Structure formats: C-alpha cells, structure tokens
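Below you will find the structure I want to go over with you.
Only the coordinates and a few stated rules stand behind these numbers; no lab work does. All figures in this text were calculated on a predicted structure; none of them were measured in a lab. Glycine also receives a Cβ, built like all others from the backbone with ideal geometry; neighbour counts cover every protein chain displayed.
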Amino acid sequence: MSRPVQQFKAQAELSTHNLRLRATIQTALEKYAVVRDTNRRAFQDYQAARQAAAEIKWEAINHLDRYLEQFVSKLEARGTKVHWAGTGRLAREIILGIIREKKARSIIKSKTMTSEEIHLNEALEREGFEVVESDLGEFIVQLNKETPYHIVFPAMHLTRGEIKELFNRELAADASDNPEELTRVARRVLRKKYVGADIGFTGANFAVADAGMVSITENEGNARLTAALPKTLITLLGIEKVLPRLEDLALFLPLLATSGTGQPLTCYNTMYGGPRQPGESDGPEEWHVVLLDNRRTELLADAEQRDSLHCIRCGACLNVCPIFRNVGGPAYGTTYSGPVGSVITPHLRGWQDWKHLSFSSSLCGACTETCPVKIDLAHHLLQNRRKAVTQKSSLAGKLGFKLFAFIFNRPRLYRRVAPLGRLGQKLHPLVKGTRLDPAYAWTKSRATPQIAPRTFREFWRERNLHEIQQRPMQETKGQNQI
Amino acid sequence: MTVTLFIPCFVDLLYPRVAVSIVEILERLGHKIDFPEELNCCGQPAFNSGYWDEARAVALPVLRRLKNAEAVVIASGSCGAMQKVFYPQLFAGTKQEAEAKNLAAKCWEFSDFLATKLGVTDLGARFLHKVTFHDGCHGLRELGLKKPPRALLAKVRGLELVEMKEEVCCGFGGAFAVKFPMISTAMGEVKCAQAAETGAEYIVSNDSSCLMHIQGLADKQGMKLKVIHLAEVLTSR
Ligand code: SF4
C-alpha cells in the first residue's frame, strides 16, 4: 500500500468517528443547500444556464492555446509581466525570484488554492519570509497550523468557540465567541499587515481572454486590499481559468456564487487589468502574473477526460458529496478534495499513489448532478478506475474478476453458490465479528443478510416442474372429453 | 406482452420474494414471463472496479440472450443503470455496440416499467403503514427515476409517505462498502438517522442492495427501522 492510501484510510477512520465534527459539517452544508436552492431558482432557467456554462468552458479549454495568447498579449500591453510555469517547482522559483528581486520581507495573500497546490507558503517560510493569509478562513487555519478543510470554506470544521480560543491564545485577544467580535480581532491584526506588506499575492477565479483581465471573487474585501496596497502584486493561476469573453462573466459570476456559497452574487467581484498606469494614483507599481501548468496539459491531451479542466473550483461537488462530508478535506491529503479532487489528482500527481481516491466512492452521482459546468464527475471516477487498472492491475483483482466471470458465465456452477453459501452461513457464527471473519469489513458494523431458504431460481424451477406435471393431466382430460 | 425478467444474484439469493412479487404483478396484468435463468449478473462489479474486459465477458451472454426480448424488466435500479447507461459505454467501439444500444432502449427498471411503459400505477395494494422512500442513487441519477416509484406508492391504500430531508446515498456502493467500510458505515448512519427522523416504520426502496445495507446497519445498531422492497409493498393486501 502506498502512503497516501494509508493516510487516507487512517484519517477517514478518525474523522468518521468524530461525531461532533460530522454534525458540524452536516449542519453547515444543510444550511448552504437551502440558500443555494433559493438562488438557483432565481435563474430564469438554471439547467439552461449550466448548459451554456459548460459550452463556454468547452470552447475555452478546447482552444486554450488561442485564448491564453490573447489573454497574455492584452495583459502585457498594459505593462503586466507574465510568467509561464510548467511545474509547481518552477512557479515557486519564479515567485521567489520576484520576491528576492524586490528585497521584500513580508507577503500578504488573499485566498488561492493554486498556491496551496504548489506548497508556496512552506517554501516562502523556509526562506525566512513572513506570509500572512488575509481571507478570514485561511487566516484561521494558518494560525491553527492546518491546511484548508474545504476549498471554499477553509475553516468550516472549527466552531466559534474553537476560533475564540485560538484567537485568544495566538493573538493575545480577549474576545467572546461572537462572530463580529472575532472578525474585529482578525481585522485589527490584518490591517497592520496590509500596510506593512511588500508583496500582495492573489489567485484568480477567471482569466478573461478578450479583456486581458483577471476576475477575483470574494466576500471580505481582503483581496482588494491585497491587490491594491503593496507595491508589487503577484497573481498565480492555473491555465484552465480562461473564459473567452468579458460578457461570459455575466453568467459565471452568479453561477460561481450560487454554487460556491449559495449567494446570488458574492460581495466583491473585481477585475484587474494591469499595474498602475501613468497618471493613476493608486494600484501596484508592478504586477506579475504566473500561469501554472503543473500537468494540466496532460489532462488537456486526454480527450476523454479533458472536460475535468472546466472546473471553476466552486466546491459545490464537495458540499453534496457524502464521502467528503464524512471524511473531510484533510483526509484526501491533497489540495483539491472531494469529487473533483478524486478525479483530477491521479492525473496531476500520479496514478499509483492517488488512484484510491477514485475507488473511494459509492458512485452516487450527486456531484455530477450539482456541478455548475456539468462535469460528469461520477463517470470520470469510473474512467479513472479503468485507467488505473489498465496501467497496473493487482494480481488478486485480476484473478478475482476472472473467477467472477467464470462462475457467473456457468449457470451450473452458479447453482452451487446458494447451497455453499448456506453452509458458509451456518459456520459463520464461529468467526463472525472476529478478525478471522472473512466478511469482517462488512460484519464489523453491519448485520449480514441470510441466504433465502429457497432462492428465486429454485422457486422458478419448482414452479415450472409443477406446471409440467399439471399440463399432461389437463391434456389427457381434454382428450377424454373428445 | 412477453416480459423478460433480469434477476441479479443478490435478489435471487437474498431477496427472492422481491422477484416473486414482480412475477405476481406482471402476470396479474396479463403479461407472459420469460425468465432466463442463466443470467445472474450484469457485470457491474467488474465494471465498477475498472475491469472492463471481465465485465464484458459477463455482459456478453446478457446481450446475446436478451437480443430478441420484447421488453426487459430489471429488479434493481443499479443493474438497470448498468444495462441502460453503461453497456453502451462498455461496448463502445466493439462489434456489440449496436446490440448494446438496442438492449439499452428496451430495458426497464421495474417501477419505471409499470408507471411509465405500462402506465399502470394502481395495483390494488393495501399497506397500512407510515413509510419513507429511499432512492437508490443509480435509479435516481442515472435513470432519473424520481417519479415512478412515488406514483406507485401514491395509489397504495393506507400508506402514508413521508419524505426524508435529503436525497443522499445509503453508502453501499458495492465493493466500496468493504474497501472503505468506515466511510460506507458513516454514510449509512446518516441515512438511517434521516429515515428515523421521518418517524416512518418502513423504508421502501426499489433497490434491494441499498435495503440490504440499511437493514444491516439498523439491525446492528438495534434501531427499529424495517425495510421493504417496493414490489413487496405493491403485492400487499
Ligand atoms: S467539479 Fe464542478 S462542482 Fe466541483 S468544484 Fe469544479 S466546478 Fe464546482
């Protein structure tokens, strides 16, 4: 067993036994679902909106070369410096290079999962830089030395009481668990950091090709401050964030908000077009945009699964996923959790280490049903399973399914299953519930169904026999009457 | 019409009464039953585990045998989804592609066959209990069967249906249930809790595999919940 799968199982064991945590998540997501549904109904035709969004993303991803070029040339025309990073390591080096060149010491960040993907904070801290997360949720998990629990709600696993204790301990505050009071504490700390930061660092929600602009969605205004106050701004985004036209935002902004948090629209939606232009009085003097591949182009080359690049990271599939709800983000051990994480991680980080995520699903399809850009996530999991097995099947699996096919293709052999099963079940109590129990994975938490005294096939055969016995008699009777 | 029945192994071995009820209902409606005894599995376990060659080996005899069937009725939403939705994918680009599509077009999950194909919802059943309905995920989302089972339940005399607050998976998921038992169990606990919240005596479903999981958990935890397949409700008097 590779390490990530062991880590996943161990963490899943822990979190599924944490009933309080499971209840917190369940309650939060039930509330989300209510608001989400209300605001979905505000669309004239929500299903048509999803379809339109899927088509726009299809267009963008299938002509990524063209749109990226357009995006970049427009950005550069306004003096933005664009960097292409093939891998996470390269992206880190580029970013570190800029920071060193600026002789910067402190960096203020707004929420970006892409920076989590390349493990930026660790790299920066290792080099002695101060990194501060300015999104409230991210600020909390950073303070708590954790990774985000959820790609949209990083601190959803913590209760107000826990946050209060954390703040009082780490920030020498004396707050109650009143949310407003807690926010004030965070704001007090963060305001100073914005002013003192040398570098602002953001992610992006969309890269609008025809406008050459980056669109950022947020609820706290922290991304605006992050982008506007420091002299140098760095923005990191995956190459799949492209949208062809500015007008596409009219659809994507409400769609992202509704799917992400349930809101009709997030509080702040800002477009960034370039660094401070001549004659302008504010904004960063320099803007660096780092475009990250990190094996996205491998997914792009895979026609069957390319559409998993349509993802706008709204988190809706995590919210409805019963696996995510019960094990939580950290169990996944990788940046993108939930259904979309299970789909893309093996592609981005390697099959043998990450395939278990594709198998850890009941394939219920709630993700597919909710995805605003109509990525068929559940079926992608099936594709992943097939690819994982084609690449390297386990001997036991291969033999097991060969045997399975052998038995089920031989009705006479299959007939033995019931009597054998009944015998097995007679002996089962000897080991049931113990480690010797071959069905332990089931019986530990579930009662076993019993093989019926008469299977349906046995019933059917008896019935037919009965009919055959009846028939000649009736026929004889008929003849007698003549 | 002659109706060909597909009875998967778990219904055959563990829940034969479900199949007997289906036979009873269809015969009462005047249909002739054709039951290919040799078809025990649609190949889904192999398919879901990524072993498509082995899945095809099991699916091939199904395709052949059902080729000339008039209508195929399947006693499980999950096996139904396999034949209706996944066979065309499994056989895409093979010689059997057309056959798979042909079969997909005439397969029916049991409740869908009654309510949609035959347009029959009132079977004269009587079931004097408060029940809740669990949608098997494959039936619900792959086949879109939210309405047919409810249309059937609506006509059962004395039956009171109380819906659960979410359409959430029971956590079975085939091999998933034993590969990741802790997650599967947690999911089942959520399901049982939501069912219990409705105050229903019975959980009804059109998928025995889900019911097996739910009952297994409820029994182990000493909950009072009982499960029953829709077909058995429809033959209750
Ligand atoms: S896969 Fe779809 S639902 Fe999931 S995060 Fe991406 S866009 Fe949202």
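If you restrict to DSSP beta bridges whose two residues both lie in the range A:42-294, what percentage is antiparallel, to the nearest 5?
On the way: 8 of 33 bridges.
Bridges in the range A:42-294 that DSSP calls antiparallel: roughly 25 percent.
Let me ask something else. Apply the Karplus parameterisation 6.51 cos²θ - 1.76 cosθ + 1.60, with θ equal to phi minus 60°, to every residue of the range A:233-246 and state each ³J(HN,Hα) to the nearest whole Hz, in sequence, with x for glycine and proline.
Rounded to whole hertz, the list is 10, 10, 10, 10, 8, x, 5, 7, 6, 5, 10, x, 10, 4.
Mean residue ellipticity at 222 nm from the helices of chain A, using -39,500 (n - 2.57) per DSSP H segment of n ≥ 4 over the full residue count, to the nearest 500 deg cm²/dmol? Display every interim value, and only then the final one.
Numbers: 26 runs with 271 residues, N = 482.
Taking each H run of at least 4 residues, the total per residue is -16500 deg cm²/dmol.
Now for a different question. Scale the Cα Rg of the range A:161-237 by the rule-of-thumb value 2.2 N^0.38 Å and send over the ratio, two decimals. Provide the component values of the computation, followed by the final result.
Numbers: Rg = 15.7 Å, N = 77, 2.2 N^0.38 = 11.5 Å.
Rg over 2.2 N^0.38 Å, computed on Cα atoms: 1.37.
Taking amide hydrogens as modeled 1.01 Å from N in the peptide plane, which residues meet the under 5 Å criterion relative to A:Ile234, leaving out close sequence neighbours?
Here the answer is A:Gly200, A:Phe201, A:Thr202, A:His288, since their amide H atoms fall under 5 Å of that of A:Ile234.
List, in order, the whole-Hz ³J(HN,Hα) value for each residue of the range B:80-88 obtained from phi through the Karplus relation with A = 6.51, B = -1.76, C = 1.60 and θ = phi - 60°; use x for Gly and Pro.
Karplus values, whole Hz, x for Gly and Pro: x, 4, 4, 6, 7, 9, 8, 4, x.
Using Cα atoms only, what is the angle between the long axis of helix A:417-427 and the major principal axis of chain A, expressed in degrees (0 to 90) to the nearest 10?
80
OK, next. Could you tell me the distance between the Cα centroids of the range B:208-237 and the range A:1-54, to the nearest Å?
27
At q = 0.17, 0.26 Å⁻¹, what base-10 log of I(q)/I(0) does the Debye formula yield for the range A:1-77 when every alpha carbon is treated as an equal point scatterer in vacuo?
Here log10 of I(q) over I(0) equals -0.85, -1.12.
So what is the relative contact order for the range A:42-294, in percent, with contacts set as C-alpha pairs under 8 Å and at least six apart? Don't skip to the answer; put the middle values down first.
Numbers: 434 pairs, mean separation 70.7, N = 253.
For the range A:42-294, the relative contact order is 28 percent.
Arranged by the count of other C-beta atoms within 10 angstrom, fewest first, what order do B:His213, B:His129 take?
B:His129, B:His213
Most exposed first by the Cβ proxy, i.e. fewest other Cβ within 10 Å, how do B:Ile214, A:Ile99 rank?
A:Ile99, B:Ile214
For B:Lys106, which lysines qualify as cross-link partners when the Cα separation must be under 23 Å and same-chain residues fewer than eight apart are set aside?
B:Lys32, B:Lys67, B:Lys84, B:Lys95, B:Lys117, B:Lys146, B:Lys147
Please give the helix A:338-349 orientation as an angle from the longest Cα principal axis of chain A, in degrees from 0 to 90, rounded to the nearest 10.
80
Amide H neighbours of A:Val82 under 5 Å, at least 5 residues apart or on other chains, H built in the peptide plane: list them.
Amide H neighbours of A:Val82: A:Val289.
Still on this structure: If one computes the Cα centroid of the range B:91-151 and of the range A:152-197, what distance in Å separates the two points?
Comparing the Cα centres of the range B:91-151 and the range A:152-197, I get a distance of 52 Å.
Can you give me the relative contact order of chain A as a percent, contacts being Cα pairs under 8 Å and 6 or more apart?
Working: 692 pairs, mean separation 88.6, N = 482.
Contact order relative to length: 18 percent.
Now for a different question. With both partners inside the protein assembly as shown, how many of the DSSP beta bridges are antiparallel, as a percent to the nearest 5?
Taking every DSSP beta bridge within the protein assembly as shown, about 15 percent pair in antiparallel fashion.
Around A:Lys102, under 13 Å between beta carbons, what's the net of Lys plus Arg minus Asp minus Glu among the other residues?
+1
Could you work out the mean count of beta carbons from other protein chains within 10 Å of each residue's beta carbon in B:10-19?
The mean count of partner-chain Cβ atoms within 10 Å per residue comes to 6.
Just to confirm my understanding: which cysteines in chain A have no other cysteine beta carbon less than 4.7 Å from their beta carbon?
Flagged as lacking a Cys partner: A:Cys267, A:Cys311, A:Cys314, A:Cys321, A:Cys371.
What is the helix-to-structure angle for A:3-17, meaning the angle in degrees between its Cα long axis and the longest Cα principal axis of chain A, kept from 0 to 90 and rounded to the nearest 10?
Long axis of A:3-17 versus the principal axis of chain A: about 80 degrees.
Take every Cα-Cα pair in the range A:245-354 and report what % of them are more than 20 Å apart.
Here the tail beyond 20 Å accounts for 59 percent of pairs.
Where Rh is the Kirkwood radius over the Cα pairs of the range A:42-294, the temperature 4 °C and the viscosity 1.567 mPa s, what D in µm²/s does Stokes-Einstein return?
Diffusion coefficient, whole number: 68 µm²/s.
While we're here: Based on other C-beta atoms within 10 Å, arrange B:His31, A:His119 from fewest to most.
Ascending number of Cβ neighbours within 10 Å: A:His119, B:His31.
Shape call for chain B from the C-alpha gyration tensor, a ≥ b ≥ c root eigenvalues: rounded (a/c under 1.5), prolate (a/b greater than b/c) or oblate?
Cα axes put chain B in the oblate bin.
Hey, what do the phi angles of the range B:91-101 turn into as Karplus ³J(HN,Hα) couplings, whole Hz, using 6.51/-1.76/1.60 and θ = phi - 60°, x for Gly and Pro?
9, 4, x, 10, 5, 8, 4, 5, 4, 5, 5
Please report the Cα spread of chain A along all three principal axes, rounded to whole Å, starting with the longest.
Cα extents, longest axis first: 114, 50, 45 Å.
Just the number, please: Stokes-Einstein D of the range B:2-117 in µm²/s, Kirkwood Rh from C-alpha pairs, 10 °C, 1.306 mPa s. Don't jump to the answer; show the numbers that get you there.
Values: Rh = 14.2 Å.
Answer from the Stokes-Einstein relation: 112 µm²/s.
Related question: Relative contact order of chain B, please, whole-number percent, based on alpha carbon pairs below 8 angstrom and at least 6 residues apart. Spell out each step's value before the answer.
Values: 418 pairs, mean separation 47.4, N = 237.
Normalised by residue count, the contact order of chain B is 20 percent.
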